[in-house]
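Okay, structure first, notes after.
The values are calculated or read from the model by the stated rules, or taken from the named source; none is laboratory data. Model, not experiment: these values are computed from the prediction. Methodologically, a virtual Cβ is constructed for each residue, glycine included, from the backbone with ideal geometry; neighbour enumeration extends over all protein chains shown.
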Amino acid sequence: MQYSQKVLDHFMKPHNIGKLENPDVEATEGSPACGDQISIFLKINPDSLIIEDIKFQSYGCASNIATGSIITDLAKGKTLEEAKKISWKGAADALDGLPAVKMHCSVLAVDTLKKAIKEYEVKHGLSQRETFSKKQIVEELKKIIYPGVGEDIVTLKVVKYVGFEDGIATIDVDIPKFDKYRENVVEEIKEHLEHYNEIKEVKVTI
Amino acid sequence: MKRIYFNNCLTSQPAPEVIETVTQNMNNNYYFPEDFIEMGTKTTKFLDDSKKIIADSIGAEIKELHLTSGGTSANNLAIKGFLTANSDKGTHIICSVIDYPDILTNAAFFEKSGFDVTYLPTDKDGFIDLNDLKNSLRNDTILFMTTFANHTVGTIQPIKKYREILDAADHKIAMFVDACEAYARIPFDVKDLGIDLLSISAHKIHGPQGIGALYQRKGIILGQVQHGVDRIDNLYTGGLSIPSIAGFAKAVELAFDNLETNISKIRKLSDNLLSKIESTIPYTLLNGPRGRNRVPHNINISFDFIEGEAIMMMMDMYGVSISTGSACASKGLKPNYVLMALGRDHEQSHSSMKFTLSRYNTLEEIDYTVKKLADVVKELRARSPLYKQ
């Protein structure tokens, strides 16, 4: 497994690294326990809704730092609508690819950017917070990458069933017993869903 | 750029004398042992001479030594061989939660086949509580397995004390020791320690890759795990590389001719590395015991607020090879199980870096490494949202 030269360049000399003083909005995703966390700071022009400045901080591996760097490059100077279209696949492509096992870094970086934009939009009455439903659970599961192939577990049909009743989220997944990423995926599902106040309990069945 | 190598626990650079020996033997001594013909009898004698050098280094007799294709094959021949041949005496085995993967995966394998396994916990430095061991012994316990020097944090297990506890039981309990990490790093004698089965490996002591040995004490019965033609060893059947065996013996000679000097040189280097890191870089945490209960070549240390794969890669770009316990750099994306078992949290495990030294390292290399490491840690901390100046 090897990183592309572009990943190494962004890792050694990341663009837009650091904190913005008095940002219009900031967001943090991931957790030190998972081994990666990213914070994104935005300055947004209230009239044009253009991202005038963007910075990030990273606790994580080389690909975490490189994806943080590339998405700040991609988002800088764009309108919020344009920035929302940045996808984790697009970010990975802009780095000349990422190893499958590292795709989740790109998801985390893009997710943090989207969270910051959403915060800004809600704060300024440009959009509303969505009411919680099964749909949001599925969206959250789409952020979990199966490390073996670098694709999300919903697209890969690893997720067989999603239920949500009385605050209990039930997720049924299909992963063979000998799969080395089995525990990892189950843990990721729990970590992702336990963030939601609306979810009291996460039940993962295999 | 000359590479500075601190991954000797993974594998070590072959000594120049070993390379020369292997090459010579590939040219002149490629035959297998055989009776009555010159090439065969010459190889038989040569094999015995090599085995004597290796056997002597651990206090064993030639007849008690099997040559294998490395540490893992020795471990499998020992554990599987012992348990299959002795299951009529009992089906309970004991090891610890921080043992080498060869022990843990074999234990899990036998657990599935109906054996009972006790996985003993350890304290924060990696030692089993002697009372826990005593209390775990049962009438049907037949084997205790341990890793002489821990592969992650370098803890030296008190083998003699374990032997005394096993001997206090009213029946014989065998002891298997994986000594690949301890071999040629601390002096020991299998007879003195009461070890029944022990594995060693050449490539961790500047010998060739793909060759190792298993000590089987006289009277210990092993079942046949690997079947096939008896060319060199009746337990490890099939062929083994004669030039590699020659290289193994040469590596042993080089290590053991000056064992105390080599050990004290490496101890001095790693003491120096640790004290320089601790005095120049803030917010560090040594993993494993401090001082003489640790093998001389291992330093494992966590750097708060940052992640290990990033440290490893930056140091690699500066020409320094070190390894990390971070989940990001592991095959299953899991944090290091030894560090987690010692009570470290996820962050401390993700930020842990392992340096394993050899007699080929120098003080100049240590100076350069600590200087670069200080820069790398400072740079990554400046990027980290967890680090508040």
Can you find, within segment B:274-300, the residue that is farthest from the other protein chains (Cβ to nearest Cβ) among those that are surrounded by 15 or more Cβ atoms within 10 Å (Cβ to Cβ) and within 21 Å of residue B:388 (Cα to Cα)? B:277
Would you pick out the residues in segment B:35-87 that are aliphatic (A, V, I, L, M), farther than 21 Å from residue B:209 by Cβ and at pLDDT below 95? B:37, B:39
For the subset of segment B:330-346 comprising residues that are buried (at least 21 other Cβ atoms within 10 Å of the Cβ) and farther than 15 Å from residue A:183 by Cα, which member is farthest from the chain's Cα centre (by Cα)? B:344
Selection status of residue A:21, over 28 Å from residue A:183 (Cα atoms) and touching a strand residue (DSSP E or B) at 6+ places or on another chain (Cβ under 6 Å): no
Could you please find all residues in segment B:311-338 being away from chain A (no Cβ under 13 Å) and among the hydrophobic types (A, V, I, L, M, F, W, C)? B:320, B:322, B:338
Provide a single number: the residues in segment A:22-49 that are assigned to a loop (DSSP other than H, G, I, E, B) and in contact with a helix residue (DSSP H, G or I) (Cβ under 8 Å, 6 or more places away or on another chain). 3
Residue count, segment B:178-230, condition without any contact (Cβ under 8 Å) to a residue 12 or more places away in the chain and out of contact with any strand residue (DSSP E or B) (no Cβ under 8 Å at 6 or more places or on another chain), comes to 3
What number of residues within segment A:98-128 are over 18 Å from the mean Cα position of the chain (by Cα) and outside any helix (DSSP H, G or I)? 5
Out of B:239, B:291, which single residue is in the same structural domain as residue B:70 (by TED's automatic domain parsing), at pLDDT below 95 and out of contact with any Leu (no Cβ under 8 Å at 6 or more places or on another chain)? B:239
How many of the residues in segment A:39-51 are of a type outside the set (Gly, Ala, Ser) and within 11 Å of another protein chain (Cβ to nearest Cβ)? 2
Looking only at segment B:12-33, count every residue that is assigned to a loop (DSSP other than H, G, I, E, B) and surrounded by 14 or more Cβ atoms within 10 Å (Cβ to Cβ) and tell me the total. 8
Which condition does residue B:377 not pass, out of (1) at pLDDT below 95; (2) crowded, with 21+ Cβ neighbours inside 10 Å; (3) within 21 Å of residue A:57 (Cα to Cα), if it passes all the others? (1)
Given the criterion within 14 Å of another protein chain (Cβ to nearest Cβ) and among the acidic types (Asp, Glu), identify the matching residue among A:36, A:93, A:111. A:36
Just to be sure before I move on: is residue A:99 within 14 Å of another protein chain (Cβ to nearest Cβ) and surrounded by fewer than 24 Cβ atoms within 10 Å (Cβ to Cβ) in the structure I sent? yes
Within segment B:339-372, work out how many residues are within 25 Å of residue B:263 (Cα to Cα), of a type in the set (A, V, I, L, M, F, W, C) and more than 14 Å from chain A (Cβ to nearest Cβ). 5
Test: residue B:144 is part of a helix (DSSP H, G or I), over 16 Å from the mean Cα position of the chain (by Cα), buried (at least 24 other Cβ atoms within 10 Å of the Cβ) and in contact (Cβ under 8 Å) with a residue 12 or more places away in the chain: no
Give me the pairs: first residue in segment A:169-182 and in the same structural domain as residue A:201 (by TED's automatic domain parsing), second residue assigned to a strand (DSSP E or B) and of a type in the set (Gly, Ala, Ser), beta-carbon distance under 6 Å, and six or more apart or on different chains, which are they? A:170/A:163
Could you go through segment B:34-54 and let me know if any residue there is more than 19 Å from residue B:208 (Cα to Cα), outside any loop (DSSP other than H, G, I, E, B), touching a residue at least 24 places away in the same chain (Cβ under 8 Å) and among the charged types (D, E, K, R). no
Show the residue pairs meeting these rules: Cβ distance below 6 Å; 6+ apart or different chains; first residue within segment B:98-110 and under 14 Å from residue B:199 (Cβ atoms); second residue part of a helix (DSSP H, G or I) and among the hydrophobic types (A, V, I, L, M, F, W, C). B:106/B:79
For residue A:19, the lone unmet condition from (1) within 10 Å of chain B (Cβ to nearest Cβ); (2) within 21 Å of residue B:317 (Cβ to Cβ); (3) in a loop (DSSP other than H, G, I, E, B) is (2)
Failed criterion for residue A:99 (all others in (1) closer than 30 Å to residue A:52 by Cβ; (2) assigned by TED's automatic domain parsing to the domain that holds residue A:41; (3) in contact (Cβ under 8 Å) with a residue 24 or more places away in the chain hold): (1)
Given the structure, is residue B:165 aliphatic (A, V, I, L, M), surrounded by fewer than 24 Cβ atoms within 10 Å (Cβ to Cβ) and either outside the structural domain of residue B:225 (by TED's automatic domain parsing) or within 30 Å of residue B:353 (Cβ to Cβ) (or both)? no
Suppose we filter segment A:158-202 for residues that are more than 12 Å from chain B (Cβ to nearest Cβ), in contact with a strand residue (DSSP E or B) (Cβ under 9 Å, 6 or more places away or on another chain) and either assigned to a strand (DSSP E or B) or aromatic (Phe, Trp, Tyr) (or both); how many remain? 15
Can you say whether residue A:31 is under 14 Å from the mean Cα position of the chain (by Cα), buried (at least 21 other Cβ atoms within 10 Å of the Cβ) and at pLDDT below 95, as far as the supplied structure shows? no
Report every pair of residues separated by at least 6 positions or lying on different chains whose Cβ atoms are under 6 Å apart, first residue within segment A:194-206 and of a type in the set (Lys, Arg), second part of a strand (DSSP E or B) and modelled with pLDDT of 85 or more. A:203/A:170
